[in-house]
Amino acid sequence: MHRAVVTGIGVICAVGRNLTEFEQALREGRDGRVPMHSPDPNAEPWDLRFTHAAQIHDYVATDHFAPKEADMLDRFAQLAVVASREAVKQSGIEWTPELRETTAIVTGSCIGGQTTEDRGFVEVYKRGRPRPHPMTIPKTMANAGASGISMELGITGPAFTVATACASSAHAIGLASGMVRSGMCDVVIAGGSEATFSPGILMAWESMRVVSPTVCRPFSRDRNGMMLGEGGAIMVIESLEHAEARGAKPLAEIAGVGMSSDAHHVTQPSAEGAARAITRALKDAGIGPEQVGYVNAHGTGTTVNDATETRALHQAFGDHAARLAVSSTKSMHGHTLGAAGAIESAAAILALRNGFLPPTIHYNERDPECDLDYVPNQVRAWDGEYAMSNSFAFGGLNAVLVLRRL
Amino acid sequence: MSPDLTNPEEVSTRVLRIIADNQRKDVSLVTIDSSFEELGIDSMDAVNIVFALENEFNINVPDEEMKNIRSVRDIVEGVQKLVAAGPPTGPEKAAA
């Protein structure tokens, strides 16, 4: 077995256009919440119960892509490509023809290019046009992010996309690290991206009544729902030997991966399912619960998720749960759906490397059902070797990553 | 086909039918005193039922009201109140 290490990370989200800005925001406890607006000037006006979200307010496609290129990529795929550029640059990887042929790309996305699809369908169903734009299909496909990265970097190895709702990019990173550990690939570029802001999708979220009309307060007794977000995070994952052979300094090791499915309910999470994924991740990493200091929680801010996740942490960590630091950075960057696992693993790696615990912001009040240390409102200094990132999807599909400081 | 929505009994009957439809149960099994447990209504079912009721009665159930729904009786009485108050307007919805 090889060891899978991360040598480069790229992030773009509401609280940071790159990794440095992202870390600064995590330390400051910055809320990415802004008044929602449609990136599409022709979009239908919306009238929703929630008015704010963690949108990337200053993103302009043509700042990152030639106009023609931008036209070919939905915003979610653009965010994947933008994040991949930063990750590859940080990794210092130098592409050879052989490396391009053997490197893999694994991305995660929940809704893919549905904002493009939504726009196309409005034209047809509402505005009476005979057909949507010819690029609707290739821009909507969930693998457009992986394809965009492949074309951007000239990578010709295996490339595909995992769609497990809000655990998509955690599954993608887990799978990527498995590909490296098994020796199938020396290098895998993995992560995920999401762009959520179009009228039909927002209305569908409203319909589920899980989005907060105010602010996102994970684990706080007065929490009232999630904050939608958008963004992308991509990592360069390679074998430790490969990294060392080219003189790269790894940022962290993906030490353990745990996956499980609840077989329970399509939207209600199960503590047992989540706990199984956590326990498997610990076992895979070969560590005991007491070796983990920080958990970047799934922590959506809904009544059900946060109480269930707390129960799962108690089940999996036992007595050590009381000594864990657990925070939900979704309180800042929002719930970025398929990108969440990658963005939050990046946060956990920053925490490990740079010695801090990102807070759960807007935390007000202890809930008897959420009785752990959620690092309320203030960043905290921390020195630990292992951190965990939890992702639990609708459909009851769970992915947990154990990250190790190197 | 134009039911009298000023009659609370009529509203109640239609609410019970929508709950039965949503739970895929015979309407005779749903009464105002049925508990959520009896009918197998979980939180997602409640969201689905309220969605159907909003469409049926052209009402808007705010999230805050939604949280207080614990029983069939809560649903019936809540809908009767909202129907009596008349159709929602844009600004009210935005404020909810």
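The values are calculated or read from the model by the stated rules, or taken from the named source; none is laboratory data. Everything numeric here is computed off the predicted structure, so don't read it as measured data. Here Cβ is always computed from backbone atoms with ideal geometry, including for glycine, and neighbour counts include all displayed protein chains. Side chains included, ligands, DNA and RNA excluded: accessible areas come from the protein's heavy atoms. Shrake-Rupley method; radii C 1.70, N 1.55, O 1.52, S 1.80 Å.
Carbon-plus-sulfur fraction of the accessible area of the protein assembly as shown, 1.4 Å probe, in percent?
Using a 1.4 Å probe with all protein chains present, the protein assembly as shown comes out at 52 percent carbon and sulfur.
Between chains B and A, what is the buried accessible area in Å², counting both sides, with a 1.4 Å probe and ligands, DNA and RNA left out, to the nearest 100? Before the final figure, lay out each step's value.
On the way: alone 6190 and 15370 Å², together 20310 Å².
Separately minus together, B and A give about 1200 Å² buried.
How about A:Lys249: which lysines have a C-alpha closer than 19 Å to its C-alpha, ignoring those fewer than 8 places off in the same chain?
By straight Cα distance, A:Lys249 reaches A:Lys89.
Label-point separation (nm) for A:Arg131 and B:Asn60, each offset 7 Å from Cα along Cα-to-Cβ?
With each label placed 7 Å out from Cα toward Cβ, I get 3.9 nm.
Give me the dipole magnitude in Debye, nearest 20, for segment A:1-112 about the Cα centre, with unit charges on the beta carbon: positive for Lys and Arg, negative for Asp and Glu. The partial results should precede the final answer.
Working: 11 positive and 16 negative charges, 68 e Å.
The calculation lands at about 320 debye.
Can you bin every Cα-Cα distance in chain B into 10 Å intervals starting at zero and give me the percent of pairs per bin, rounded to whole numbers?
Whole-percent P(r) values from 0 Å outward: 15, 53, 28, 4.
Taking every DSSP beta bridge that has both residues in the protein assembly as shown, what percent is antiparallel when rounded to the nearest 5?
Taking every DSSP beta bridge within the protein assembly as shown, about 70 percent pair in antiparallel fashion.
Per DSSP H run of at least 4 residues, take -39500 (n - 2.57); add these up for chain A, divide by its residues and hand me the 222 nm value, nearest 500 deg cm²/dmol.
-10500 deg cm²/dmol
Give the separation of the Cα centroids, segment B:16-53 to segment A:371-385, in Å.
43 Å
Quick one: Kirkwood hydrodynamic radius for segment A:271-406, alpha-carbon pairs, angstrom, one decimal?
After inverting the pairwise mean of 1/r, the radius is 14.5 Å.
Quantify how strongly other chains surround peptide A:209-220 by giving the mean number of their Cβ atoms within 10 Å of each of its Cβ atoms.
2
Let me see the pair-distance distribution of segment A:1-112: every alpha carbon pair, 10 Å bin width, integer percents in order.
P(r) for segment A:1-112, in whole percents per bin: 11, 33, 36, 14, 5, 0.
Peptide B:34-44: average number of partner chain Cβ atoms within 10 Å per residue?
Going residue by residue through B:34-44 and averaging, the value is 2.
Sequence neighbours fewer than 8 away in the same chain don't count; with that in mind, list the lysines whose C-alpha is under 21 Å from B:Lys67.
B:Lys81, B:Lys93
Can you give the helix-only mean residue ellipticity at 222 nm for chain B, where every DSSP H stretch with n ≥ 4 adds -39500 (n - 2.57) and the sum goes over all residues, rounded to the nearest 500 deg cm²/dmol?
-18500 deg cm²/dmol
Starting from the coordinates of the alpha-carbon atoms of the protein assembly as shown, obtain the Kirkwood hydrodynamic radius over all distinct pairs and give the value in Å to one decimal.
Over the protein assembly as shown, the inverse of the mean reciprocal pair distance is 23.5 Å.
Once you wrap a convex hull around the alpha carbon atoms of segment A:235-344, what is its projected area averaged over all directions, in nm²?
Its Cα hull, projected and averaged over all orientations, spans 7.9 nm².
Strictly greater than 20 Å: what percent of every Cα pair in segment A:155-308 meets that?
61 percent
Mind checking the mean number of beta-carbon atoms from other chains within 10 Å of the Cβ atoms in A:195-208?
Mean partner-chain Cβ count within 10 Å for A:195-208: 1.
Which value in Å is the Kirkwood Rh of segment A:298-363 over different Cα pairs?
12.7 Å
Choose one answer from A:Gly191, A:Gly229, A:Gly396: the residue with the largest mean-square fluctuation in a GNM of chain A with alpha-carbon springs under 10 Å.
A:Gly396
Can you give the accessible area per residue of the protein assembly as shown, in Å², using a 1.4 Å probe?
Each residue of the protein assembly as shown exposes 40 Å² on average to a 1.4 Å probe.
Charges only on Cβ, +1 for Lys and Arg, -1 for Asp and Glu: so what's the dipole of the protein assembly as shown about the Cα centre, in debye to the nearest 20?
The calculated dipole for the protein assembly as shown is roughly 840 debye.
Just tell me which aspartates and glutamates come within less than 12 Å, Cα to Cα, of A:Lys139; anything on the same chain fewer than 8 places away is out.
A:Glu69, A:Asp71, A:Asp74, A:Glu117, A:Asp118
Under a 10 Å cutoff between Cα atoms, tell me which one of A:Arg119, A:Arg131, A:Arg223 has the largest fluctuation in the Gaussian network model of chain A.
Among A:Arg119, A:Arg131, A:Arg223, the largest GNM mean-square fluctuation belongs to A:Arg131.
Roughly how many Å² of A:Ile137 are accessible to a 1.4 Å probe, to the nearest 10?
Counting only protein heavy atoms, A:Ile137 exposes about 130 Å² to solvent.
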